[in-house]
Amino acid sequence: MRLDKFMKVARLARRRSEAHEALEHGRIRKDGVTLKPAYSVKPGDVLEIHYATRRVTVRVREVPLRVTPSLRPADLYEQLEVREE
């Protein structure tokens, strides 16, 4: 699954276009490397997301094959750290 779509499905971003814009501006990193919207997310990836007032580090637990109503966004990732800026 594309990273911009995963962020929307996991509710780390409100809309896919918001996630896409954040990725284009370099606000989402993995191992210090800026990611592109088409990056293919894999379980175990540790992502650092820069929001306006905080930085959130999450570990991807699961990547769904498709989006279904029974999907729980909180089960898709584990929040490792939150830092206020």
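The values are calculated or read from the model by the stated rules, or taken from the named source; none is laboratory data. What you are looking at is a predicted structure, and each value in this text was computed from that prediction instead of being measured. Neighbour counts are summed over all protein chains in view; Cβ atoms, including those assigned to glycine, are modelled from backbone coordinates with ideal geometry. To get the accessible areas, we keep the full protein, side chains included, count just its heavy atoms, and leave off ligands, DNA and RNA. Shrake-Rupley method; radii C 1.70, N 1.55, O 1.52, S 1.80 Å.
Some notes on this structure:
- Residue-by-residue Karplus 3J(HN,Hα) for region 46-53, coefficients 6.51, -1.76, 1.60, Hz, glycine and proline x: 10, 10, 10, 10, 9, 8, 4, 10
- Solvent-accessible ranking of Tyr77, Tyr51, largest area first, probe 1.4 Å: Tyr51, Tyr77
- Listed values (1) 0.99; (2) 0.93; (3) 1.13, entry calculated as Rg/Rh (Cα atoms, Kirkwood Rh): (2)
- Table column - 3J(HN,Hα) (Hz), region 74-85, Karplus curve with 6.51, -1.76, 1.60, x for Gly and Pro: 5, 7, 7, 8, 10, 7, 9, 7, 10, 10, 7, 10
- Proximal charge balance of Ala19 [Cβ under 11 Å; K/R count +1, D/E count -1]: +4
- Solvent-accessible surface (1.4 angstrom probe) belonging to Asp31, in square angstrom, nearest 10: 130 Å²
- Per-residue SASA entry for Lys8, accessible area with 1.4 Å probe, Å² rounded to 10: 100 Å²
- Annotation: per residue accessible area for the chain equals 65 Å², rounded to a whole number [probe 1.4 Å, protein chains only].
- Three-way shape label, region 1-49, alpha-carbon gyration tensor, a/c 1.5: oblate
- Accessible surface of region 19-60, 1.4 Å probe, proportion on carbon and sulfur as whole %: 50 percent
- In Å², nearest 10: area of Val56 left accessible to a 1.4 Å probe: 10 Å²
- Basic side chains Lys and Arg get +1 at the Cβ, acidic Asp and Glu get -1 at the Cβ, and with that the dipole of the chain about its Cα centre reaches some 300 debye.
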